[in-house]
1. Counting pairs of alpha carbon atoms under 8 Å apart in space and at least six apart in sequence, what relative contact order in percent does the chain give?
2. At a threshold of 8 angstrom on Cα-Cα distance, excluding pairs fewer than six apart, so keeping six or more, what relative contact order does the range 359-416 reach in percent?
3. Using the Cα atoms as the points, what is the convex hull volume per residue of the range 267-335 in Å³?
4. Given bins 10 angstrom wide, list per bin the percent of all Cα-Cα distances in the range 81-211, short to long.
5. Please compute, for the alpha-carbon atoms of the range 140-231, the extent along each of the three principal axes and give them in descending order in Å.
6. Report the one residue of G9, F345, V179 whose Cα lies farthest in the direction of the positive end of the charge dipole of the chain (charges on C-beta: Lys and Arg +1, Asp and Glu -1; origin at the Cα centre).
7. Could you work out the Rg to Rh ratio of the range 307-362, with Rh taken as the Kirkwood radius (inverse of the mean 1/r over all Cα pairs)?
8. Would you list the P(r) distribution for the range 200-256, with all Cα-Cα distances sorted into 10 Å bins from 0 and each bin expressed as a whole %?
Amino acid sequence: MEYTIRIGGQAGQGLVVIGSCLAKYFSRSGFHVFSHQDYMSRIRGGHNYYQLRIADRPVRSSRDQIDILVAFDWETIEQHRQDLTEKGIIIYDAVACRQEISAHEFLNVPVTAIIDQMQVHKVMANSVIMGAVLGLMGLDLEPFNEIIGDFIHTETEDIINTNIAAAKTGLDYVANKFVGRFSFKKPGHGKKKQMLINGNQAIGLGALVSGCKFFAAYPMTPATGIMNYLAAKAKKHRLVVEQAEDEIAAINMALGASFAGVRAMTATSGGGFALMTEGLSLAGITETPVVIAEVQRPGPATGLPTRTEQSDLSFLLYGGHGEFPRLVFTPGTPEQAFYLTNKAFHLAEKFQIPVLIQSDQYLADSEWTFSDFATEKLFSEDFRLRGEQLKKTETYQRYAYSKSGISPLAIPGESNHLVVVDSDEHDEDGHIIEDAATRKNMVRKRFLQKLPLIREEIASPAFYGEKQPKNLLVCYGSCFGVVKEAMENLSKGHSIAMLHFSEVFPFPLPDKFDFVKLLAEATRIICIENNASSQFARLLRAETGLNCQIKINKYDGRPFTLDTLTGEIHDHLY
């Protein structure tokens, strides 16, 4: 069983509320869900849509063809009617769309008339529509009744009950008026409730379980969802969330909090990260742990602020002046985002370095279902000198030389030791120097000695498919789900496999899993990226010497869809 529902209209009409409520309905019913949003950079107006794919098996991407189109306006019908499957249906209100269509695929639900008859606020039209969708699919309202309060942000029983009544009216209207007209197979009831979470929420949750106690950011789409999530949880988890005046202040606040002794984080998109690069280098020379989430949107400059792209990879790899170690993680699912955020905090503290988590609008806003996240996989270790341990330390040098390059990191104010940092080049005590010998020793300590140890922490790419494939798909970050499903679709008739990289810098070594040999022996390597210049393919070639013969790129601000990508890959298979 599988259905795709697309809800289209203008910003401000409640598309996300309907889509998110339906997504939670199906996840609570035990179904697997994948959703994504396509929205314009405006508060009201423009054309937006929310797409929801549900199935009785795991789904990880969006499709081109849709089974149900919910149209709030005529523009939605014009833009998306051609994407309907053979038995697809359009739910619309003839009054709202200003015309009635008699074609077989059109289902006129008089939402405006129902709201007028019930004498309720027009915003409850969304509940009528949700009921109509459920009625069309032969479902009941039970899970809807449980979750509607979460979406209308009220505990008032009368308002909740009125929304339930509106949904029931929509459901009954469709069930009675159009009974037997369409041949949708009633979905079977799912077994176990699924957890529903998007990429931004997963990063925020990963920060909470990692002990993050300070978060500063300037709101910038599409990273703002991380700040919103953490702000909602701040009181319960004793977390300070600060909306800074700009990204320069945000990263410097995070560095100050980290220096003071707590785990700290910031988040932004490409334009904001451009402002953060001096602070990034400050973290590098002062060896101050910090986690930075960079959620991409198409650039340059303001670009397409609400769309998606993977065009900032090179920027994160090389942004900042001078040479210092950093880590770059590129999760492909909310589950990976959760675990990699935890690993980011762990390694930032262990090696006293900045760690970057790179996501994008597609992953940030996409909702996925999971059974749970296994907490036994989480890292939990404090690497700082604190309390009695610090007081018992006879001498303290912030930048003391060591074989590992890692120096003791104390908390200011907890002992008689002087706890100091300096953004100029410094000696072991943290005082400014200019002599060549100390400079050389410090570069070796914080960069060259740490780097091999950091590389050992990097996980190998994930491998799926045939063990010795002729065709090898390569991707990183948010392309994971759609590439994996495309590979599975094509595996029936082709020798094919895929590599997905979620920890890209420093580049993984082949000692744990010899993916370099796998690449070298493949007849054809196909690299799939959401950018124009194949940034990951360049990194792969620089690190391994291997060239991707085929490059599939998408850079129109939209993500890959399963049907189109499967066809593109098929055209290149050996």
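1. Reported as a whole number, the value is 12 percent.
2. 33
3. 94
4. 11, 33, 31, 19, 6, 1
5. 55, 32, 26
6. Looking along the dipole axis, the top candidate is V179.
7. Result: Rg/Rh = 0.99.
8. 26, 58, 16
The values are calculated or read from the model by the stated rules, or taken from the named source; none is laboratory data. No experiment lies behind these values; they were computed from the predicted model shown. Glycine gets a Cβ as well: all are built from the backbone with ideal geometry, and neighbour counts include every protein chain shown. Note: accessible area is taken over every heavy atom of the protein model, side chains too, but ligands, DNA and RNA are not part of it. Shrake-Rupley method; radii C 1.70, N 1.55, O 1.52, S 1.80 Å.
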